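Read through the structure below, which is laid out as structure tokens, and then see the notes.
The values are calculated or read from the model by the stated rules, or taken from the named source; none is laboratory data. In this text, all values refer to a predicted model and were calculated from it rather than measured experimentally. Cβ atoms come from the backbone with ideal geometry, glycine included; neighbour counts cover every protein chain shown.
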Amino acid sequence: MSYNDLRGALRHYNETAVESGIENAGPHRLVQMLMAGALEKVATARGHMERREFEAKGRQISWAVSIINGLRMSLDTEAGGELVENLDGLYDYMVRRLMSANLENDPAILTEVASLLREIKAGWEAIPEEYKSTPHGTPVATAGNGAKTATTRGA
């Protein structure tokens, strides 16, 4: 099997794995997948930048921008308050920095954006399980019969 055959097989495996993961993922997991995807695109762009493969670098940065914009558009502005405002501003900043990195061919900017994404991703991953699959982050309580019910904070 040639190197190109292996790459094709790996690409097909990754596409299938992602499709399967998306079909079975809840909102929390989808955000995790998007953040991981954005980190991957930034890292790949950095490699292309270092090898002076400018067209490929631009495609990867563009893809990372699209992912971050998707995360930004998914913010619940009505329920989120200050946290959503801060995330919106941070996502906007990261997009602007990625555009600068693309224009200036500056890998340090990509490192900065990747660091910000990792910090947000770590915070997202630290969310307790009971908040991950319920609407608007309401914790899940178990009723006497074992059924899960959403409760409000402080109740």
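See the values below:
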| read-out | value |
| --- | --- |
| First in segment 111-131 and closer than 19 Å to Ser100 by Cβ, second anywhere and surrounded by fewer than 16 Cβ atoms within 10 Å (Cβ to Cβ) and small (Gly, Ala, Ser), Cβ under 8 Å, 6 or more apart | Ala114/Ala43 |
| Residues that are in contact with a helix residue (DSSP H, G or I) (Cβ under 6 Å, 6 or more places away or on another chain) and charged (D, E, K, R), drawn from segment 38-66 | Lys41, Arg46, Lys57 |
| Residue selected from segment 78-130 under the condition among the aliphatic types (A, V, I, L, M) and at pLDDT below 95, by the criterion surrounded by the fewest Cβ atoms within 10 Å (Cβ to Cβ) | Ala126 |
| In segment 41-77, residue surrounded by the most Cβ atoms within 10 Å (Cβ to Cβ) [restricted to those that are of a type in the set (Asp, Glu) and at pLDDT 95 or above] | Glu53 |
| Boolean, Ala36 is hydrophobic (A, V, I, L, M, F, W, C), assigned to a helix (DSSP H, G or I), modelled with pLDDT of 95 or more and under 16 Å from the mean Cα position of the chain (by Cα) | no |
| Filtered residue count, segment 84-100, keeping only those that are aliphatic (A, V, I, L, M) and over 23 Å from Gly123 (Cβ atoms) | 1 |
